[in-house]
Amino acid sequence: MKAIVDLFSTDYGLMSIGVILFVIVMSIWFSRFFKRKMDESVQEQQRLQAGQRANL
């Protein structure tokens, strides 16, 4: 119980919560960012392949 009280009532506890929340939000943002970039890459590859087939 003392650990929970320290976590929410001390400066280092509040900073720890802030860092934990920041890391969670950052991981969500990076996963969405990388997923979007991978999807864009697949679409670009498909577009290029379709263009090459049209030139043949």
### Task
Kindly express, to the nearest 10 degrees and within the range 0 to 90, the angle between helix 11-55's C-alpha long axis and the longest C-alpha principal axis of the chain.
0 degrees
### As computed over the stretch 2-55, the Cα convex hull volume per residue (Å³)
48 Å³
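Read-outs throughout are calculated quantities, based only on the coordinates presented, and are distinct from any laboratory measurement. Note that this is a predicted model, so its numbers are computed, not measured.
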